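Structure first, commentary second.
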Amino acid sequence: MFDDIKPHLIELRKRLGISVATIIVFAFVAFGFNQPIIEFVKAPLVGVVEGDPFIGGIGIFFTALKISIFTGFLISLPVVFAQLWLFIAPGLYDNEKKYILPFAGISTFMFLLGTAFAYWVVIPLGFQFLWMFAGSLVNFLQTLDEYVSIFTKILFGFGVAFELPVVLFFLGVLGLVTDKNLKDFFGYAVLIIFVFAALLTPPDVITQLLMAGPLILLYGISIIIVRMINPEKNDDDEDDNDDEANTTQEIKKQITEG
């Protein structure tokens, strides 16, 4: 059994190695521009809070290192997603492998779209909400490192969240889900989305709603996408359901007449 798993572990190590090496290289490059990058990170607070809310801190080097690694990760996204799909590729049929490069491109786009939404919409509104309650009393962000930690967590969370249509499209292509499955699961999906939003956002209602709302919308769009890529399967499922309903009615009719 281990002999069967070993090639997959070797392949996984290879793909992870390439991804991590790429991130490290771009992180080193980003570290050389850490000052403008940090100013870019602080930009959503301009006009939201009064002056500079940070009181300092001795960990500026580690803050710069942290934001450089995150920047390196964002720049490396095309490579990271390409390695992910290449790892999955051996288990796919030939007609499914043609989606590898489009998946890598679309995955990168959706992740960056999620981070852009978080940067220009969620963070300004979320911190404005927090500042209204805490700003007049205390600095709710004591150090730049604390802000960077929250900032990267929010951006990463929204990036992952916006991958939902890509994942469901992939599962639809493989025939593992249908639009009917997604419709039936909708209530549970909404609950999971709100739990996910609560875990990946600061403890305020505004930010959580700003994550949950788009995610629910993306889930609805995913239902339409899965319906479009598997129309025949969905029609077959509906026919099967109709046949089952007709059979049930026929049995009831026979019992009644008997």
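The values are calculated or read from the model by the stated rules, or taken from the named source; none is laboratory data. Model, not experiment: these values are computed from the prediction. A quick note on method: Cβ atoms are made from the backbone with ideal geometry, for glycine too, and the neighbour counts reach across all protein chains shown.
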Check your understanding: Given (1) under 24 Å from G157 (Cα atoms); (2) modelled with pLDDT under 85; (3) aliphatic (A, V, I, L, M), where does M1 come up short, assuming only one miss?
Key -> (1)
Point to revise | Unique residue being crowded, with 16+ Cβ neighbours inside 10 Å and modelled with pLDDT of 90 or more when the list is A21, A27 | key: A27
Revision key, fill the gap. Log entry, pairs with first residue in region 33-54 being at negative phi, second being in a helix (DSSP H, G or I) and modelled with pLDDT under 85, beta carbons closer than 6 Å, six or more apart or on different chains, reads V48/F127; V48/Q128; V49/W131; F54/L144
Review point. When residues of region 195-231 are filtered for being part of a helix (DSSP H, G or I), buried (at least 17 other Cβ atoms within 10 Å of the Cβ) and modelled with pLDDT under 80, how many remain?
Key: 1
Review point. Within region 106-143, restricting attention to residues that are surrounded by fewer than 16 Cβ atoms within 10 Å (Cβ to Cβ) and at pLDDT below 85, which residue is nearest to P78 (Cα to Cα)?
Key: Q142
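For E146, indicate whether it is part of a helix (DSSP H, G or I), modelled with pLDDT under 90 and under 30 Å from V46 (Cα atoms). Give the derivation first.
Values: part of a helix (DSSP H, G or I): yes; modelled with pLDDT under 90: yes; under 30 Å from V46 (Cα atoms): yes.
It is true that E146 is part of a helix (DSSP H, G or I), modelled with pLDDT under 90 and under 30 Å from V46 (Cα atoms).
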Review point. Filter region 161-180 for residues that are charged (D, E, K, R) and within 12 Å of I224 (Cα to Cα); which is surrounded by the most Cβ atoms within 10 Å (Cβ to Cβ)?
Key: D179
Exercise for review: Find the residue count for region 98-128, including only residues that are free of Cβ contacts under 8 Å to residues at least 12 places away in the same chain and either at positive phi or assigned to a helix (DSSP H, G or I) (or both).
Suggested key: 3
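Do we find that G51 is in a loop (DSSP other than H, G, I, E, B) and either at pLDDT 75 or above or in contact with a Ser or Thr (Cβ under 6 Å, 6 or more places away or on another chain) (or both) in this structure?
Numbers: in a loop (DSSP other than H, G, I, E, B): yes; either at pLDDT 75 or above or in contact with a Ser or Thr (Cβ under 6 Å, 6 or more places away or on another chain) (or both): no.
Taking the combined requirement at face value, the residue does not satisfy it.
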